[in-house]
1. Bin by bin, in steps of 5 Å, what percent of the Cα pairs in the chain do you find, going until the bin that has the longest distance?
2. Can you tell me the relative contact order of the chain? Whole percent, Cα pairs under 8 Å, sequence separation 6 or more.
3. Name the most mobile residue of Ala93, Ala30, Ala82, meaning the one with the largest mean-square fluctuation, in a Gaussian network model of the chain with Cα contacts below 10 Å.
4. Given the Cα-Cα distance of Met70 and Glu204 and 0.36 nm per residue of separation, how much length would full extension add, in nm?
5. Could I have the simple spin-label model distance between Leu177 and Asp191, label points 7 Å from Cα toward Cβ, reported in nm to one decimal?
Amino acid sequence: MTETNIQAGRLITLEGGEGAGKSTQINTVAALLKERGLKVVTTREPGGTRLGEAVRGVLMNEYDHPMPAMSELLLMFAARAAHLAQVIEPALARGAWVVTDRFTDASYAYQGAARGLGDDAVATLERLVQGERRPDGVLVFDIPVEQGLSRAGKRGHGNRFDRETVAFHERVRASYLARAEAAPERYRVIDAAAPLDRVREQIESALASWP
Ligand code: TMP
């Protein structure tokens, strides 16, 4: 097979609020895809590259002055530009499936909705940084906010985002659910409050349902 015959991979993203169990379930997703004989790359945002992980440190830490929401959004996309150029696009080009713990839906949910910057600001950067690249499939791990926060055991501590109000996290959740409802062909909502074996079944049927 020549280079040009290699089938491009797919981009699968895991999204959801705090305590939804994405970081554990990414291993389930990767294992299920590997069972199909696919090459799989797992990664996360913000992060995935040296620059991205450094930016993550800047974004997660508390400062004695608040970070403007626009700075937060631009830092997310600064990290994403490196992630796309250095990890995601090269992996897709060699036929791997990329599974990432968060991507641009998180910017819509956290910066666009919860911080109030609006969808248009996020969409502008999405076009600039990603061109036509969009996730092929999005798994939204949904859990009631109070349950997610207490499950994560992060309430009152954790990173800058974990310490936000319940109302903030409700806006995050509502944004994810609205985005899923608007594009049902690409999004699957997983009931992350269900027992672990049920969560796994939902992941299996979501992956099986994408052509
Ligand atoms: P996590 O690793 O626990 O998911 O933490 C990442 C945090 O970063 C999470 O609170 C969501 C936030 N985030 C955004 O606000 N916007 C983004 O675009 C991304 C990728 C993450």
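1. 1, 7, 15, 20, 21, 17, 11, 5, 2, 1, 0, 0
2. Across the chain, relative contact order equals 31 percent.
3. Ala93
4. Working: separation 134, 0.36 × 134 = 48.24 nm, distance 3.71 nm.
The span from Met70 to Glu204 would gain 44.5 nm if fully extended.
5. Using points 7 Å along Cα→Cβ, the separation is 1.4 nm.
Rule-based calculations on the coordinates, nothing more; no lab input. Computed from a prediction, not measured in an experiment: that's the story for all the values here. Neighbour counts run over all protein chains shown; Cβ positions are idealised from the backbone, glycine included.
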